[in-house]
Amino acid sequence: MCWRSKGTFLKLSQEVEAWFKQAQANGFSGMEYSYDQTVETGHHRIETRQVWAVSVSQLPPLHRQSQWLELSTVVMVYRTRQLWNKTTTEVCFYISSLEADAARHNQVIRSHWSVENSLHWVLDVTFNEDASRIRSGYAPENLGLLRRLSVNLLKREPSKLSLAMKRYKAGLENEFLLKILAASAPS
């Protein structure tokens with residue numbers, strides 16, 4: 001999880017943040033850690049991610065550590081994002097049950113955001129899911145399931161139209177709706 005230093009994780013996040021700050025000041029001397037760095041370019045920006053993963057055994061006991069089953073690693077991610085007109089930085093801290101492998105943590109953290117970008121964003125933009133007023137009983141779950149099913153069906157249709165346009169066209173033309181359904185049928 002990426003803390004913003006508020007909520008129930010305040011004490012734990014403060015401890016982890018303070019520990020990493022001290023470890024960096026000492027150059028991580030005398031301790032084992034894993035480090036990974038990636039640089040990605042695209043969309044007119046350069047994003048650099050530095051990841052440090054340290055086994056919990058290297059740290060003093062953390063706040064309520066026993067409540068975190070299989071806790072084995074703390075992770076710090078330092079992101080620098082360069083746009084043509086400005087540079088931003090962000091530092092996030094994570095706890096994990098995975099081994100202290102910075103490259104693996106970097107990949108897991110990035111893949112989490114791909115789910116957010118490829119599904120949740122689509123549901124909000126194409127189906128306006130965040131504005132839904134349906135809140136009682138099983139209706140939110142059922143409609144959420146139908147929306148996700150619809151996204152999957154629309155993505156399988158091979159035309160180059162956007163998902164929003166495919167949805168709109170399927171509402172107007174029964175032939176296109178049948179084409180979407182046929183694209184998802186097993187061969």
Of (1) modelled with pLDDT under 90; (2) more than 27 Å from SER13 (Cβ to Cβ), LEU177 fails just (1)
Sole miss for LEU123 among (1) more than 22 Å from PHE176 (Cα to Cα); (2) among the hydrophobic types (A, V, I, L, M, F, W, C); (3) part of a helix (DSSP H, G or I) is condition (1)
Can you find even one residue in region 90-105 that is exposed (fewer than 14 other Cβ atoms within 10 Å of the Cβ), more than 15 Å from the chain's Cα centre (by Cα) and not in a strand (DSSP E or B)?
yes
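Being in contact (Cβ under 8 Å) with a residue 24 or more places away in the chain, under 23 Å from the mean Cα position of the chain (by Cα) and more than 27 Å from LEU10 (Cβ to Cβ) is the filter here; which residues of region 78-87 pass it? Full working, then the answer.
Within region 78-87, the subset in contact (Cβ under 8 Å) with a residue 24 or more places away in the chain is 78-84.
Filter again for under 23 Å from the mean Cα position of the chain (by Cα), leaving 78-83.
Result: GLN82, LEU83.
Residues are listed down the side, and each one gets a yes or a no for (1) part of a helix (DSSP H, G or I); (2) in contact with a helix residue (DSSP H, G or I) (Cβ under 9 Å, 6 or more places away or on another chain):
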| residue | (1), (2) |
| --- | --- |
| LEU146 | yes, no |
| PRO158 | no, yes |
| LEU161 | no, yes |
| ALA164 | yes, yes |
| GLU175 | yes, no |
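Of everything in region 30-77 that's of a type in the set (Lys, Arg) and surrounded by fewer than 16 Cβ atoms within 10 Å (Cβ to Cβ), which residue is nearest to LEU10 (Cα to Cα)?
Let us first name the residues in region 30-77 that are of a type in the set (Lys, Arg), namely 45, 49, 64.
Then drop every residue that is not surrounded by fewer than 16 Cβ atoms within 10 Å (Cβ to Cβ), which leaves 45, 64.
Details: ARG45: 32, ARG64: 12 Å.
Restricting to residues being of a type in the set (Lys, Arg) and surrounded by fewer than 16 Cβ atoms within 10 Å (Cβ to Cβ), the top hit is ARG64.
The values are calculated or read from the model by the stated rules, or taken from the named source; none is laboratory data. Quantities reported herein were computed from a predicted structural model and do not represent experimental measurements. Positions of Cβ are backbone-derived with ideal geometry, glycine not excepted, and every protein chain shown enters the neighbour counts.
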